[in-house]
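The values are calculated or read from the model by the stated rules, or taken from the named source; none is laboratory data. The shown structure was predicted, so the numbers you read here are calculated from the model rather than taken from an experiment. Here the Cβ positions follow ideal geometry from the backbone for every residue, glycine too, while neighbour counts run over all protein chains shown.
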Amino acid sequence: MRGVPLAVLLALALAACASPGTRTIEVSMTDALRFEPGTIEVAPGETVLFEVTNDGQSVHEFLIGDEGEQAAFAEEMADDGMAHDTDAGVSVEPGATETFEYTFDAGEVDLLAGCHEPGHYDGGMVASITVIEGSGGERYRLALPMER
């Protein structure tokens, strides 16, 4: 193994530990009620490890679901709060980072990612996840919506 840089060995070791087919996407949440990056594309069936960082001073959420699920998240939050760390996403304290895995099924369309802390979703802290049909088959796109 002489002549093989330590960095190469470490990179190979880390790659061997990763789950096959899982990609990590870093998401930042801000007090400007936005998610960054604004666009994320994934393939149907792809499992994504979301690494969600709260760069703000208030609690934020990153919850994935269709319009009906987003309405249920909002209702649950309005009633008595909710168990935030679900398969659909996480709640993140200021300055903290949380992770969760989400697998995008081929049949899912028109998904949203939203924050349901009081006033955040209505204030624009929502992103759309749309299935895009293209030359490479269907893909999902996560993009910030236009001004509400």
Q) of a type in the set (A, V, I, L, M, F, W, C), touching a Phe, Trp or Tyr at 6+ places or on another chain (Cβ under 6 Å) and farther than 16 Å from ASP122 by Cβ, is that true of PHE50? A) yes
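Which one is nearest to GLU93 (Cα to Cα), of the residues in region 48-69 that are within 14 Å of the chain's Cα centre (by Cα) and surrounded by fewer than 21 Cβ atoms within 10 Å (Cβ to Cβ)?
In this case the residue turns out to be THR53.
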Q. Under the condition of being modelled with pLDDT under 90 and in contact with a Ser or Thr (Cβ under 6 Å, 6 or more places away or on another chain), which residue from region 83-111 is farthest from VAL59 (Cα to Cα)?
A. THR103
Q: Under 8 Å between Cβ atoms, at least 6 apart or on separate chains: pull out the pairs that start in region 62-74 with a residue that is within 23 Å of PRO37 (Cβ to Cβ) and end on any residue that is part of a strand (DSSP E or B) and among the polar types (S, T, N, Q).
A: LEU63/THR86
(Q) Being modelled with pLDDT of 70 or more, closer than 21 Å to GLN57 by Cα and in a loop (DSSP other than H, G, I, E, B) is the requirement here; does GLY124 meet it? (A) yes
**Q.** In region 45-63, the residues that are in contact with a strand residue (DSSP E or B) (Cβ under 8 Å, 6 or more places away or on another chain), in a loop (DSSP other than H, G, I, E, B) and at negative phi
**A.** GLU46, ASP55, GLY56, VAL59
Q. Out of region 26-35, which residues are surrounded by 15 or more Cβ atoms within 10 Å (Cβ to Cβ) and assigned to a strand (DSSP E or B)?
A. VAL27, SER28, MET29, THR30, ARG34, PHE35
